[in-house]
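Computed from the coordinates by the stated procedures, all read-outs in this text should not be read as laboratory data. Computed from a predicted model, the values in this text were never measured in an experiment. Cβ atoms come from the backbone with ideal geometry, glycine included; neighbour counts cover every protein chain shown.
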Amino acid sequence: MKKVMIFGLLLAVVFTGCKKSDEDDDNDKPKKVGIMGEWYSSGANVAPLLIYAGIDSIYAEFNLDNTYLVESFSDGSKTTLTGTFTQAKSGTGSIWTIILNQNTPNSLTSEGIFEITDGTLKTMQYEVAQTEPPISGVTKPTPAGGFGSTSDGAYGVMNVQNYIEYVK
């Protein structure tokens, strides 16, 4: 009887020791942080400056390897932008900074800010401006200036884009 109890305890220890813990599930997977994920904007969520340029919707994907793909649509025609990005918490509320180094269709750099809000739907406010090559009179928005701070507020919220997280 003593041997059966010891064997039973040994089996319990072995199965407990081999049990996969909840903490082990995603330890080796990179975590999505900040802007990483898929986002969609259409209708009134599209920045007024982009609507003026004829854009009616935008799909954006920011990947774990810091690459991005943005597809904008205008009257059924698609324009695809690709490149790399870096992001950082700004220290101003929950606003992050972002630098986008676009590769296609042409090479340029844009800088700006974004803020993600968790709720029933995850949403994001996003504002960037081209910094290289420079455009006369255009400066990047800043966390301190908040949304609408492109070119020291000259555009107001005309350059602020609103996105909804795209969930498959």
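Annotations for the structure displayed:
- By other beta-carbon atoms within 10 Å, ranking K78, K168 with the fewest at the front produces K168, K78.
- The stretch 109-162 and the stretch 73-104: distance between their alpha carbon centers, rounded to Å: 10 Å
- Cβ crowding within 10 Å ranks V46, V167 as V167, V46, fewest other Cβ atoms first.
- Amide H contacts of T131: T109, S110, E111, each under 5 Å away and 5 or more positions distant or on a separate chain (H built 1.01 Å from N in the peptide plane; Pro and chain starts excluded).
- Rounded, prolate or oblate (a/c below 1.5 giving rounded, otherwise prolate when a/b exceeds b/c) for the stretch 102-157 by Cα gyration tensor: oblate
- Size estimate for the stretch 37-165 follows the Kirkwood approach: the inverse of mean 1/r over distinct Cα pairs works out to 14.8 Å.
- Each residue in V160, V33 was given a count of other beta-carbon atoms within 10 angstrom of its own, and listing them fewest first yields V33, V160.
- Phi angles of the stretch 86-102 translate, via the Karplus equation with coefficients 6.51, -1.76, 1.60 and θ = phi - 60°, into HN-Hα couplings of 10, 9, 7, 5, 8, x, 10, x, 10, 7, 10, 9, 9, 10, 10, 10, 6 Hz per residue; Gly and Pro are given as x.
- Which listed pairs, of K29/K78; K32/K89; K122/K168; K31/K122, have C-alpha distances above 21 Å, in listed order: K29/K78
- Remark on K140: its backbone amide H falls under 5 Å from those of S151, a criterion applied only to residues 5 or more positions apart or on other chains, H modelled at 1.01 Å from N.
- Backbone HN-Hα couplings from phi across the stretch 122-128 [Karplus 6.51/-1.76/1.60, Hz, Gly and Pro as x]: 7, 10, 9, 9, 8, 9, 9
- Label-point separation, S77 to K29 (7 Å along Cα→Cβ), nm: 4.0 nm
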